[in-house]
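> Handing you this structure, nothing more for now.
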Amino acid sequence: MTRGCQLVMPLLWAVLCFSLRAAQAPTFASRTNAVRVDVLVTSSDRPVMGLGTDAFEVRDNGVLQRVELVSFDQIPLNLVLTLDVSASVSGERMAHLRQAATGVLRDLRPADRAALVTFSNAVVVHGKLTRDFAAVDTAMSRVQPEGRTALLDAVHAALVVGEADAGRPLVLVFSDGVDTASWLTPGELLRTTRRSDAVIYGVTARGAATLLRDLGRATGGNVLHAAATTDLQTVFRSMLDEFRHRYLVSYTPTGVTSTGWHTIAVKVKAPGRVHVEARPGYLGEPR
Amino acid sequence: MRVARGDEPIADLDPAEMTLLVDDAPRPIVSLIYSPVVVASNGRADPSRRDVVAGATRTGTPPARRVVLVVDRESLNASETGQLQTRAERFVAQLPGNVRIAVATLPLGSTLRFESDRSALLAALRTAFEGSARQGAGLEGIAGFGCIDEAASAGCGTQGIHPAIRAPEARAMNTPAEWLVRGKRTLTDLQWLFRTLAGGPPSDIVIMSGALPYQSALRVEIDRTLAMARTADVRVHAVELANIGRVSLPEGGPESPPPLSLDSLHELNDAAYGLPVETGGVQALGTVSGAAFFEQLAHELSSTYLLSFEPTDTDRDGRPHRIEIRSSRRPPLTIQARKTFIAYPSSPATPRTHSAPGEAPPPEAPLTTTSLTSRRPLSRTDAWVALARSHQAGARDRELIDVAQWNSGDLRNALNGLTALGRRVPTDTLNDALLRGALLHADVALLAPDLALQFQGFPEWGALHTVEATDGQAFGVSVVSAHWHLARALLDRVQPRPDEDPRVLRWYRGVGGTLLANRQFAAALPHLDDARRLFPRDRDINALCGLLHEALADAASQELPGDAKAAVGTSHSELRASRQYLSRAVETDPHDDEAQLHLGRVCHLLGDDEAAVAAVSSVMSRTRDARKRYIGELLTGAIHQATGRLDSARESFERAAGLYPMAQAPLVALSYIAREAGDRSESARYIEQLAALPPPAALERDDPWWHYQSAAVADHASVLETLRAELRDRSTQ
């Protein structure tokens, strides 16, 4: 296991590790000792760009931390498409969902990786993170909608898949129903997200809004309502675009205990009024 | 059916040159009657009118025809319907005297009345139009109008909406709730109309509207309406007035954005626009005057034949069957006819107790209606008892269809007469009739939901609404069938006391289990309340109550919109109620494994892991059933996990995975607790195992966890079928 490589240190180090890992068979395991926070900084609903390390003030449980890295739109993404293919997503809805998946895969850059997790009552992990986006697209084209909805179990699996490699994990969840088949509870899934660097963006055409909103809040992501499944492609692509405009801020916690809940407070020093979105905290893991 | 060559009606068809196919198989034609409803277009006499006067008795006597003109007053504006009204009045004036005509409005204003006085009819038509006042801004013809769930219908997405109108703007002009309520009322009124006309002479219904309902949220009502149109011998014609021109568009936008095309509406399964298609009627969309529509309708009605055949026993299954009619004449003729029919099982011994509203007389020779064998006058109670005795429990037979169409007056009379019946017959006979009646009405609610809503209960009962949902997502609101209430009211009359009759208990248990298996929770709540009133200490009734409230605590029930789950408590309160009932069940019978397992889960979710352990352990100590052991291991693992004993939890989940290696829940649970323990590699390893499972369609990819609730009610639900079988056996003895 390349535990050291997953410490987010200078960008060069991270990119080097990423390159090394690219030659290995990827696994679904990942671990960071550093804390990474994806931060969206906007002013009048437009992303604020060009901020440096000095612009960010990060407190962990109230203790000021030394920000070690701020990157913007540079580190490759680990996009995990997590898509509801239960019986309620049939007919033209499924066609729209496939089109949306194809569209967002086209928008990925060569260094990005993607994986597909589909779910009805059965969660299907269609392989590991890959740069072969056509393979992911093909997998999506073969999915047939059926069954009930195991949204919670699927998001858990997607988080694990998304963390399997260096890069910024983005879990894009689409669901149009309410969970009716998962083993995990909402509380358990939220605990999973609090131990994860992944950002969850939820898209719902109907239903599931409460859970997806909570997941978005817990990870600093967002939830959007697609007015129609015809809008899915636009919504997916806009989410990816928004995510690319986030800053990746990292720090190695100092002055705080390693375990338990850590509240993260991010302030940005920038001209004018800015709005900052970031995950509210994380669960420290036993060492 | 209409037969023509181009615009020329064909009046001399012979049955010998016709072929009738039912579900692709040839069938004998019993009669073919030329029965035109002649219309003189443009005020001139129609040359084929003489055929009607002469009787057109080539192969039979034409029966009376009926035409109902329907004005949808809430989707039309009086100020905009001048031309349509003129065309409609001209149409009425030109109908021959042997055609019986009625004017109806949507919403329905009064009882359907067939007038022979043409001047009175024209006055009624004028009144109907003058009273029209469109609700909303008239955007029904374009997408965005009234869309609760845009994604559910192509007509509700941005596709089909003119680019000059943004979907949010369109939506803002009419509230979804208004549209939904109006659409539902329109469909309910149309259903009433079809029921009223069913069984009488063939009828043509002409709907003049600004928009027919089309929306997935109304899917259930639309399906019911289509089903009723198939069973009634009616043809529906629809003309929809263009209203898009009145939408004020932004500067620079085109003046006439197109409404949804008829083709696109036909493609929508959720559209009432299928009515003319299903019944072989005429349809026009986006018209201003209706001129072309009425002209086409005139052609249609001037070349109408009635073709009849006798459905076989195989046809009489209450399901739609395809009809195709061909002619051997050359050059080929255009034949337009209904596409399906529905027939029900006949029961010669059963006296018919038709009670349709309006003036619908018994059928003379309808296409698929069987003739009556007895017209002996019976009291409502006697007739009801006869139906209950003849009904084949569990079948959607003619008795079921018949009683489903009784109105509240008939049913109240039948109920009121039971007291007198009890004085005339032995107690066993009365009780037998009551039990059969309860099964009959349960079958109406279960097997004929499309008809069951005709009886909406007695005023003192009130109405109970239910949310219709799929995959946890609500898509409509309906009314719980009053036949459930009626069935229970019947059993309350069992002598000497209903709670002393084991068959009553089995009925409550079987029906309760069936309702839970069908996830008909709104119907199950009052049912099990009554069951508990009668059998407060019964193990099965208490277990069913516990299972119901456990299900109501789940996300699928808790996530319903606020108004929709008025009868559902919070998740915590539902779990507490569940625990109370499950505890009573296991107090009565500690060996009720299903109740113990569910009690264990409920206690765990309530945070009482000590009680949870006791309940689950009691099952694990004695059962060798793999499924029960699997559920027990999962629950044990969850309890260990909650109390921080992750190693013990892992062992339990691994045992569960050993019992069902293809099951998903243990792998997810193991991945989760590995992550909780800080071992992400281990967590990932279990997800890799999950990724290696067979595809969802594979038979071996099964997880008993997915059937956790349905498995628990299966035994209870089977009691209903056993009870039905017993009654069927006794009927044949």
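> Amide H of A:G281 versus every other amide H placed in the peptide plane: which residues, excluding those fewer than 5 positions away on the same chain, fall under 5 Å?
A:I264
> Going by C-beta contacts inside 10 Å, put B:T381, A:T219, A:T192 in order with the fewest on the left.
Details: B:T381 18, A:T219 27, A:T192 23.
The order, fewest Cβ neighbours first, is B:T381, A:T192, A:T219.
> What translational diffusion coefficient, to the nearest whole µm²/s, does the range B:575-637 have by Stokes-Einstein, given a Kirkwood radius computed over alpha-carbon pairs, a temperature of 4 °C and 1.567 mPa s viscosity?
Rounded, D is 116 µm²/s.
> I'd like the distance between the alpha-carbon centres of the range B:633-665 and the range B:417-441, rounded to an integer number of Å.
With the range B:633-665 and the range B:417-441 each reduced to a Cα centre, they are spaced 53 Å.
> Sticking with this structure for a sec: Can you list residues from other chains, or at least 5 along the same chain, whose modelled amide H is less than 5 Å from the amide H of B:D702?
none
> Here's something else I'd like to know. Give me A:L79, A:L116 ranked fewest to most by other Cβ atoms within 10 Å of their Cβ, as a rough exposure proxy.
With the sparsest Cβ surroundings first, the list reads A:L116, A:L79.
> Continuing with this model, one more query. On a C-alpha basis, how far is the centre of the range A:113-180 from the centre of the range A:192-256 in Å? Whole number, if you could?
15 Å
> Could I ask something else about it? In whole Hz, what ³J(HN,Hα) sequence does the range A:165-175 give by Karplus (6.51, -1.76, 1.60; θ = phi - 60°), x for Gly and Pro?
Running phi through 6.51 cos²θ - 1.76 cosθ + 1.60 with θ = phi - 60° gives 8, 5, x, 9, x, 10, 9, 9, 10, 10, 8 Hz.
> Using each residue's phi in the range B:86-91, evaluate 6.51 cos²θ - 1.76 cosθ + 1.60 at θ = phi - 60° and report the 3J(HN,Hα) Karplus result to the nearest Hz, with x for Gly and Pro.
Whole-Hz 3J(HN,Hα) from phi for the range B:86-91: 4, 5, 5, 5, 5, 4.
> Please find, in a Gaussian network model of chain A (springs between Cα atoms separated by less than 10 Å), the residue of A:A158, A:A34, A:A150 whose mean-square fluctuation is greatest.
Result: A:A34 has the largest fluctuation of those listed.
> Let me ask something else. Ranked highest first by the average count of other Cβ atoms within 10 Å around their residues, in what order do B:484-491, B:495-502, B:390-397 fall?
B:484-491, B:390-397, B:495-502
> Name the residues whose placed amide hydrogens come within less than 5 Å of the amide hydrogen of A:G202, ignoring near sequence neighbours (fewer than 5 apart) on the same chain.
A:V173, A:N222, A:V223, A:L224
> Continuing with this model, one more query. Using the 10 angstrom Cβ neighbour count as an exposure proxy, how do B:R493, B:R235, B:R537, B:R412 rank, fewest first?
B:R537, B:R412, B:R493, B:R235
> In terms of the Cα gyration tensor, with a ≥ b ≥ c the square roots of its eigenvalues, is the range A:173-269 rounded because a/c is under 1.5, prolate because a/b exceeds b/c, or oblate?
Oblate is the answer for the range A:173-269, as a/c is 1.5 or above yet b/c matches or exceeds a/b.
> Now for a separate question. Roughly what % of DSSP beta bridges within the range A:43-147 run antiparallel, to the nearest 5?
Restricted to the range A:43-147, the bridges split so that about 55 percent are antiparallel.
> Pop out the ³J(HN,Hα) list for the range B:493-506 in order, Karplus 6.51 cos²θ - 1.76 cosθ + 1.60 with θ = phi - 60°, rounded to Hz; leave Gly and Pro as x.
8, 4, 9, x, 8, x, 6, 9, 9, x, 5, 5, 4, 5
> While we're here: Taking the Cα centre of the range B:67-114 as origin, sum charge times position over the Cβ atoms of Lys and Arg (+1) and Asp and Glu (-1), and report the length of that vector in debye to the nearest 20.
The dipole magnitude comes to about 220 debye.
> Which whole-number percent is the relative contact order of chain A (Cα, under 8 Å, 6+ apart)?
Details: 648 pairs, mean separation 79.2, N = 287.
Reported relative contact order: 28 percent.
> How crowded by other chains is A:189-201, given as the mean number of beta carbons from other chains within 10 Å of each beta carbon?
1
> Using the Cα gyration tensor of the range A:114-184, with a ≥ b ≥ c the square roots of its eigenvalues, what is the shape: rounded (a/c below 1.5), prolate (a/b larger than b/c) or oblate (neither)? The partial results should precede the final answer.
Working: a/c = 2.40, a/b = 1.36, b/c = 1.76.
Cα axes put the range A:114-184 in the oblate bin.
Here, each number is a calculation from the coordinates, and none is a lab measurement. Computed from a predicted structure; not experimentally measured. Note: ideal-geometry Cβ built from the backbone for every residue, glycine included; neighbour counts use all protein chains shown.
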